[in-house]
Structures are given as structure tokens and as C-alpha cells.
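Please read the structure below before turning to the comments.
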Number of protein chains: 2
Amino acid sequence: MECKRIQRGCSLTELKEKIIETSLTLFDQHGFHGVSVNEIVKACGTSKGGFYHHFSSKDELLFVIHDYFISYVLIKAQEAISESTHPTEKMQKIIQSFVKVFDLYKPHISVFYQESIYLKPPYVEAIKKKRQTYKEIIFSVIKEGIDKGVFRSELPVEITGMSILGMVNWSYKWYKRDGGKTIDEIGDIYVDLVLNALLIDKQKEAEITQPFLLKNQVVVD
Amino acid sequence: MECKRIQRGCSLTELKEKIIETSLTLFDQHGFHGVSVNEIVKACGTSKGGFYHHFSSKDELLFVIHDYFISYVLIKAQEAISESTHPTEKMQKIIQSFVKVFDLYKPHISVFYQESIYLKPPYVEAIKKKRQTYKEIIFSVIKEGIDKGVFRSELPVEITGMSILGMVNWSYKWYKRDGGKTIDEIGDIYVDLVLNALLIDKQKEAEITQPFLLKNQVVVD
DNA sequence: CTATTGAGACCGACTAGTTGGTCTGTACAA
DNA sequence: TTGTACAGACCAACTAGTCGGTCTCAATAG
């Protein structure tokens, strides 16, 4: 179960790990302010002392969760674009890699997008910086696609990028693992929608046979 | 300033109105749990008594804000589809009408998407029902488009619908009134992206001259 | 091999402050 | 007089965070 996840530093004790995992689930269900430190430690079978031995504050715990997640996503995105040369393929890989994260890190994502307003100033800047980096990866792929004559040049880079981000990110509001479709299927649909929206028609004709565009398969719900 | 907004029942006293508007701004900035009732009443220049005269609880205030917003959006969407016959036009109208709400109800939207997890059981069902109705409006337009041979039949209705919703909804995370583009311009881009993603190519050829698709204008940021 | 030490991991009663909510009182209009 | 609209002191419950203390165990000393 843990094997597919990113390797944490082995310096993390079991309790610290458990506090993070437990509070992640609780925050996901009730929100950061809907869960008290007492509830966290009770759910962990530990104590206030145990908690504050590992975290200087409840806010730091929130930061650790945020940082852990965004760092992971960032690495995955960088991997995705580095192992491809063609902008279309890069876009496809980014979307598919991000969408995969939903299976592994659903609570992380919910907390990340839901509770980030509660991050205290010293922490919020660090997270913002990484989020911006992530955005710029998306933007750069779109820009590259336009420059290479693959994507439609009339599209504004930033807003198109935010549209894609929004489409994918919003999944955290509704995706359930036991829903009708697997996360990979959903990813394929996203890729299909995005590429149909971005590619210039000639390119689309040429690439329609590639696997990232949905065939005329009947996809029932 | 208020004139463009929906007419509230005139039974609302000035204080109740003021509490709603003030807390909306505060919730938007600091989150529902980041603002205490004391802070609300202080910002309003009123008192605990004043507050609890109009609201039975802080939770009810949150519900009122939610219900007010979703009801408005629902009406707008129903207007949008009823005044059009063609699915393409319906989709266009829905997106444009929703996007317009961002200018008028930015704090409502932020609170709606950010704090809804804190709605208590008696309230949360009522809101969920209306949200579902909204989703089904979108779904029905997509379904109609597919049935009429306008939208690509290989697209799954629900996920495509959630993609569109996500794309548009996500705006609340980044849209600023004084940004580079007006909300109407952003709406046009959304319409362009969505229709390019949904329309079958023949339709696209035929309708490319229509105003809802971006011309080869250079849109700089 | 045993004894001593000391540092990290953890416990839980405690505190100071804040929270949502109540209750009595008041001003005023009908 | 009666009801509505508000004021603000008050309260019980809960909050994040503290702090003195205990336990474990590895490193060192004898």
C-alpha cells in the first residue's frame, strides 16, 4: 500500500507518520478547523505531548501536509515533460501523471485545495512559490505548442493553462475511487478534451489515430 | 452597485443585509472558521444580540449565504437554456452567464466552494439538491448536443460535464477583477475551448464563423 | 559483563484565552 | 401595552499549546 507512494525520509518516526496520515483523513472529512488537536491525538492513540514533540504547532502540521504533496506533484510534472519532446505528448503525460495522484493522494489534494487559506504567513509563501512553478510548467508546454505550430495560436497561454488546471483539479470535488470509471479512463478523457481544444485542425487530423484521442468507442456511464 | 444584483426580499432588514455582506467578505478572506461571531458583529458595528436576532446560529448564516448564491445561479442557468434552442448556443449562454456571476458574487462563490464542508446536516442536503440540479442542466445540454449530432458522441456525458464545470468553477481561485482580461473575455475563451472540445469537426467548420469561437485575433496577456 | 548516564520519544494534567450561544435589559414604534 | 430590534454582560465548552515527569535504549565507563 505504501510502496507506490513517494519514499519519505527514513528519519520519520512511525508516530509522526501516523499523525500525518490520520489528520489527513480527518481534515479531508471535517476540514482543518473542524478537527482539534485533541481529536487527532485520540484518533492516533497518542497524546498532546506526542503531537507537539513532532510538530511545533497545528499550523506546521498543515504546512508539512501541503509541502509534501506539492513537492511530489512538482517532481512528477518535471519527470513528465523531461521524458517527452513533443508538446502534445508532454501535455498528455502531465495530465495523466497528475490524475494518477488522485488515487494515491486524494486526502492530500482535498486538504491542499481546501485548507490552504489557513496556512500562516511563514508557510504560505513557500507553498505559493511551488504552486507557481507548477503553473509555469503548464504554461511553458502550451507556449511551446503554439510556437511549434501545433497548438492554436489564438489561445491565450495563461487562461488556457488555468482552464486545464481547473478542469483537472476540480476532480477532487467529485472523484470517487469506486465510481464508474477508473482514474486512467478519466485521464484519457481529459487528454482528449484538452487536445481537441488546443490542437489546430490539421494536427488533429494527423494525430487522431494516436492513443491519446478517444476512438469512437461507446463509453457508457 | 446593488442594482445589478438579485432583488432580495424587502423583508430583510438593513442589519441582516449588512451582516451577510460583511461576513461574506470576512469569510472570503479568512474562511468560515477564521472569523468569529464577535469579529462579525464588531465589523458590522452591531452586537451579539443583533446577530442572534436575525440568525439562529453561525451555521444558519453560512447556509443563507450558500442558498442565496446557488438559487441565483440556478435561475440564471435555467434562463440561459430556455432562451435558446440550439445546444451549442445553450452551452455558450450557460458558460457566459455563470462567468458573469464572478464579477458580482466573487465572495459568495469563494465561500460556497470553500466552506460548504462546514454546513451542518440539516442544511447540507438542501444545498446538495440544488447543486445536483445545476449539474443536470449541464448534462442535459451535452446529451442534447450528442443526440442531435452536434457534439461528439464518444464523449461521456457526466465526465465531460464535470470537466466544463471544473474549468469554469476554478476561476474563483485565480480570477481578479483588475487582471489582464475582463470576465467576458475569459468567458469567451472558455466557450471557445469547450466548443472546440465538444463539437464534431463538420459542425466546427460550419460554425467557426460564429462569434462564440475565437477568431485568429492575437490575444496578448 | 554490569552500571551509569543522558538524550530522544512520549505522556497527560494543566492553563490562558477564545468560541458560539444565552439572557436580561432597553429603546422605540404602533 | 405589546412586540420588534437591538445591546452587551455573561457562560459553559472547547481550543491550541505548555511543562514537569516517565520510559526506553544506546553509548559509555568501570
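The values are calculated or read from the model by the stated rules, or taken from the named source; none is laboratory data. A quick note: this is a predicted structure, and the numbers were derived from the prediction, not measured. Positions of Cβ are generated from backbone atoms using ideal geometry, with glycine treated the same way; all protein chains shown enter the neighbour counts. Surface accessibility is based on the protein's heavy atoms, side chains included, excluding ligands, DNA and RNA. Shrake-Rupley method; radii C 1.70, N 1.55, O 1.52, S 1.80 Å.
Things to note:
- The range A:14-36, subset within 14 Å of chain B (Cβ to nearest Cβ) and within 18 Å of A:PHE69 (Cβ to Cβ), residue farthest from DNA strand C (Cβ to nearest atom): A:ASP28
- Condition check for B:GLU39: assigned to a helix (DSSP H, G or I), open to solvent by 10 Å² or more (accessible area, probe 1.4 Å) and within 15 Å of DNA strand C (Cβ to nearest atom): yes
- Enumeration of residues in the range B:180-198 that are more than 9 Å from chain A (Cβ to nearest Cβ) and of a type outside the set (Ser, Thr, Tyr): B:ILE183, B:ASP184, B:GLY187, B:ASP188, B:VAL191
- Members of the range B:44-64 that are within 12 Å of DNA strand D (Cβ to nearest atom) and either open to solvent by less than 30 Å² (accessible area, probe 1.4 Å) or part of a helix (DSSP H, G or I) (or both): B:CYS44, B:LYS48, B:GLY49, B:GLY50, B:PHE51, B:TYR52, B:HIS53, B:HIS54, B:PHE55
- Per this entry, B:PHE98 is not counted among residues that are within 16 Å of DNA strand C (Cβ to nearest atom) and surrounded by 15 or more Cβ atoms within 10 Å (Cβ to Cβ).
- Some residue of the range B:85-100 being in a helix (DSSP H, G or I), within 16 Å of DNA strand D (Cβ to nearest atom) and among the aliphatic types (A, V, I, L, M): no
- A:TYR123 assigned to a helix (DSSP H, G or I), closer than 30 Å to B:PHE27 by Cα and more than 11 Å from the chain's Cα centre (by Cα): yes
- Close pairs from the range B:19-43: first farther than 13 Å from B:GLU115 by Cα, partner of a type in the set (Val, Ile, Thr), Cβ under 6 Å, at least 6 apart: B:ALA43/B:THR22
- Close pairs from the range B:164-181: first more than 16 Å from B:VAL101 (Cβ to Cβ) and open to solvent by 10 Å² or more (accessible area, probe 1.4 Å), partner assigned to a helix (DSSP H, G or I) and not small (Gly, Ala, Ser), Cβ under 9 Å, at least 6 apart: B:GLY179/B:ILE186; B:GLY180/A:GLU158; B:GLY180/A:ILE159; B:LYS181/A:GLU158; B:LYS181/A:ILE159; B:LYS181/B:ILE189
For (1) within 13 Å of chain B (Cβ to nearest Cβ); (2) surrounded by fewer than 20 Cβ atoms within 10 Å (Cβ to Cβ), each residue gets a yes or a no:
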site: A:LYS106; (1), (2): no, yes
site: A:VAL111; (1), (2): yes, no
site: A:TYR123; (1), (2): no, yes
site: A:LYS129; (1), (2): no, yes
site: A:GLU136; (1), (2): no, yes
site: A:PHE139; (1), (2): yes, yes
site: A:GLU144; (1), (2): no, yes
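- Conditions (1) touching a helix residue (DSSP H, G or I) at 6+ places or on another chain (Cβ under 8 Å); (2) at pLDDT below 95; number of the one not met by B:ILE164: (2)
- Among the criteria (1) out of contact with any Leu (no Cβ under 9 Å at 6 or more places or on another chain); (2) closer than 24 Å to A:ILE200 by Cβ; (3) modelled with pLDDT under 95, the one B:GLU154 does not fulfil is (1).
- Residues in the range A:144-191 that are among the small types (Gly, Ala, Ser), assigned to a helix (DSSP H, G or I) and farther than 25 Å from B:LYS181 by Cβ: A:SER171, A:GLY187.
- Residue list for the range A:61-79, filter: farther than 13 Å from A:VAL101 by Cα and out of contact with any His (no Cβ under 9 Å at 6 or more places or on another chain): A:LEU62, A:PHE63, A:VAL64, A:ASP67, A:GLN78, A:GLU79
- Counting the residues of the range B:73-95 that are under 20 Å from B:SER171 (Cα atoms) and surrounded by fewer than 16 Cβ atoms within 10 Å (Cβ to Cβ) gives 1.
- Checking A:SER56 against (1) away from DNA strand C (no atom under 12 Å from the Cβ); (2) among the hydroxyl-bearing types (Ser, Thr, Tyr); (3) in contact (Cβ under 8 Å) with a residue 40 or more places away in the chain, the condition it does not meet: (3)
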